[in-house]
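Below is one structure, written out as structure tokens; the observations come after it.
The values are calculated or read from the model by the stated rules, or taken from the named source; none is laboratory data. The shown structure was predicted, so the numbers you read here are calculated from the model rather than taken from an experiment. A quick note on method: Cβ atoms are made from the backbone with ideal geometry, for glycine too, and the neighbour counts reach across all protein chains shown.
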Amino acid sequence: MRLYLIIGLIVIIDQISKIIIKESMYLGQSIQLVGDFIRITYVENPGIAFGIRIGHPIIFTILSLLASIVIIIYMIYHRNGEKTIKYGLAIILGGALGNLIDRLFVQRVVDFVDVGIGDLRWPVFNVADSAVVVGMFMLIYALIKIEKKEKESQFVEDKP
């Protein structure tokens with residue numbers, strides 16, 4: 001149940017934040033939060049992550065939908081698995097669904113978190129993108145932890 005709550009909260013926070021940006025700013029507007037380091041900049045991204053474009057936008061929408069379905073199926077069949085993996089996947093799924101909603105209904109994703117120094121800036125992103133990155137780090141951590149545990153147990157079994 002917690003996993004569904006996490007997924008839902010990420011989608012809701014992502015969509016509300018995008019609505020607030022669209023309703024209160026004009027496209028291209030930028031507001032400084034922490035000097036020039038952190039800004040809110042309203043952009044719309046018709047491509048994939050970091051504005052990369054691959055063919056027709058519908059291709060990425062279909063791939064995102066398929067990836068979301070695969071994550072849901074994995075979570076159903078491995079509901080008793082490693083907690084960090086389940087939570088990481090839930091966070092990724094929440095982010096993926098947040099951006100998928102944008103792609104399905106407006107064919108572009110609203111991005112607004114703008115971080116950098118002067119002209120050296122990270123590509124503008126949103127709550128859903130952040131969730132995907134946090135979820136990926138959780139998965140990497142879990143996989144490293146599992147591999148370490150397996151090596152330790154193998155070492156113990158191999159000892160005479």
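Some notes on this structure:
- Restricting attention to segment 57-83, the residues that are without any contact (Cβ under 8 Å) to a residue 60 or more places away in the chain and within 15 Å of residue 94 (Cα to Cα) total 11.
- In summary, residue 66 fulfils each of the numbered conditions (1) within 19 Å of residue 2 (Cα to Cα); (2) modelled with pLDDT of 90 or more with the single exception of condition (1).
- Check on residue 50, under 15 Å from the mean Cα position of the chain (by Cα), surrounded by fewer than 14 Cβ atoms within 10 Å (Cβ to Cβ) and either modelled with pLDDT of 95 or more or aromatic (Phe, Trp, Tyr) (or both): yes
- Members of segment 26-47 that are of a type in the set (A, V, I, L, M, F, W, C), without any contact (Cβ under 8 Å) to a residue 60 or more places away in the chain and surrounded by 12 or more Cβ atoms within 10 Å (Cβ to Cβ): 31, 33
- Of the set (1) within 23 Å of residue 31 (Cα to Cα); (2) of a type in the set (A, V, I, L, M, F, W, C); (3) touching a Ser or Thr at 6+ places or on another chain (Cβ under 7 Å), all apply to residue 142 but (1).
- Only one of 85, 91 that is under 30 Å from residue 145 (Cα atoms) and under 13 Å from the mean Cα position of the chain (by Cα): 91
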